């Protein structure tokens, strides 16, 4: 399982970029998972639903399953948030895990940068940032890729992780 991260200031377009990259990796024959770190509280459940009621009653974990998907919700209930390594171990086997957030994790990362936001480059102070994707010219000590050139970004990530050359799957007839 290869891991590659995406870092950047809020509003830089990390989620949008990852959304564009996933189908390209899949077309290249890779199985892809994503870990998205949120700096704020979130809830995927709704008040009144059975699963919400079970969590509110004190269940530490609630699993919801259907013919299309399943989800496991785990309540920390005051315990420390697990680190990235712990969360990676919970994923099913795959070829590539894309990580959004976990800015300080020691994994190779691409910085998504928009100079118009007026924020400094993160790459200048983070040795784990191996490239920058920007929508305008920037001076960085690492390779700079055009933010809208999704194929170039996919090729860079695949080459960096040794996933290049897998080729696209043979079309079904």
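Before moving on, here are some points about what is shown:
- Legend: translational diffusion of segment 1-114 by Stokes-Einstein, Rh = Kirkwood radius over C-alpha pairs, 10 °C, 1.306 mPa s; D = 99 µm²/s.
- 124, 28 arranged by Cβ crowding within 10 Å, fewest neighbours leading: 124, 28
- For the pair residue 75 and residue 54 in one chain, pulling the backbone fully straight at 0.36 nm per residue adds 6.4 nm over the alpha carbon distance.
- For segment 115-163, diffusion coefficient by Stokes-Einstein and Kirkwood Rh (Cα), 37 °C, 0.692 mPa s, µm²/s: 283
- Förster radius 30 Å - calculated FRET efficiency between residue 135 and residue 83 (Cβ-Cβ, nearest 0.05): 0.40
- Shape parameters for segment 68-173, alpha-carbon atoms, Rg then Dmax in Å: 17.3, 54
- Rounded to 10°, Cα long-axis angle of helix 150-161 versus longest principal axis of the chain: 80
- Packing-based ranking of 106-113, 63-70 yields 106-113, 63-70, ordered from highest to lowest mean Cβ neighbour count within 10 Å.
- In degrees, nearest ten, helix 14-27 long axis to first principal axis of the chain (Cα): 80
Here, each number is a calculation from the coordinates, and none is a lab measurement. Since we're looking at a predicted model, the values are computed, not measured. Counting neighbours? That spans all protein chains shown, and the Cβs are built from the backbone with ideal geometry, glycine included.
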